[in-house]
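Novice: First the structure, which I've put down as structure tokens, then a few questions once you've had a look.
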């Protein structure tokens with residue numbers, strides 16, 4: 001597995017923030033409003049759009065859809081599907097092992113990954129790879145939204161670092177602060193992967209929009225592209241724009257059928273993936289995918 005995931009790094013994506021129209025006065029206690037949604041077998045849906053701007057060229061880096069299932073104390077399960085470089089031709093992506101869409105189900109603290117870089121690499125007849133303490137966002141999640149305001153601890157960390165706006169809150173937070181305060185963010189890292197000092201110091205600019213009920217409806221984050229591509233910080237940015245819909249909708253996320261799950265790879269036996277430090281893709285590779 002180390003071979004399969006070589007070159008992947010812990011990073012997250014984000015974007016320059018566009019103002020959304022005012023929807024509601026900022027509630028006095030958005031955390032209490034959020035917790036009122038925590039009822040078993042209900043949840044919320046979301047969609048991500050991640051944009052990469054390099055040398056003045058803007059392209060979609062990732063697209064993702066998913067849902068969170070709630071229990072009485074917060075998120076208990078998640079189901080996400082995503083694709084990296086969705087607008088690029090398959091043959092351009094396959095040279096970097098990015099040709100297939102990926103789906104990740106996480107129930108409790110166990111993640112199940114299917115597709116993506118694992119396509120065709122699992123033992124015969126199996127379609128899901130089981131990873132205890134695995135990341136909810138899978139590989140695509142390394143590029144997707146770093147901030148999850150559906151988690152009370154994350155929302156609280158944002159409120160500490162931001163200021164009220166006409167339709168929510170806005171501010172900036174470092175990865176170090178985010179990981180210190182957010183169990184969700186810490187749990188979205190691959191086992192064995194380490195966050196380097198540069199990334200921990202990186203600043204995430206964020207804007208949170210609340211709906212008429214005072215619930216998160218949108219979060220937009222922005223970070224320097226150098227966080228994942230390496231090199232000196234510049235004007236290049238990563239943008240992640242997440243919209244939340246259908247609060248309170250019935251959600252029932254289950255682990256995949258046991259007969260479709262494995263912890264083994266073809267001719268490799270059981271393995272535990274570990275990610276090396278460093279950028280997931282070099283600047284040259286990204287430019288190659290973008291056709292520069």
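What follows is calculated from the coordinates using simple rules that are stated; it is not laboratory data. All values reported here derive from a predicted model rather than from experimental measurement. Neighbour counts run over all protein chains shown; Cβ positions are idealised from the backbone, glycine included.
Novice: Under the definition of Cα pairs under 8 Å and six or more residues apart, what whole-number percent is the relative contact order of the range 153-263?
Specialist: RCO, the range 153-263: 18 percent.
Novice: Sort 237-245, 122-130, 182-190, 32-40 by the packing proxy (mean of other Cβ within 10 Å over each peptide's residues), most packed first.
Specialist: The most tightly packed comes first, giving 237-245, 182-190, 122-130, 32-40.
Novice: Quick one: compute the contact order of the range 30-289, relative version, from alpha carbon pairs under 8 angstrom and 6+ residues apart, as a percent.
Specialist: On the way: 583 pairs, mean separation 60.9, N = 260.
23 percent.
Novice: Based on a Kirkwood Rh over C-alpha pairs, give the Stokes-Einstein translational diffusion coefficient of the range 30-289 at 4 °C and viscosity 1.567 mPa s in µm²/s.
Specialist: 68 µm²/s
Novice: Find the centroid of the Cα atoms in the range 49-84 and in the range 147-199, then give the distance between the two in whole Å.
Specialist: 15 Å
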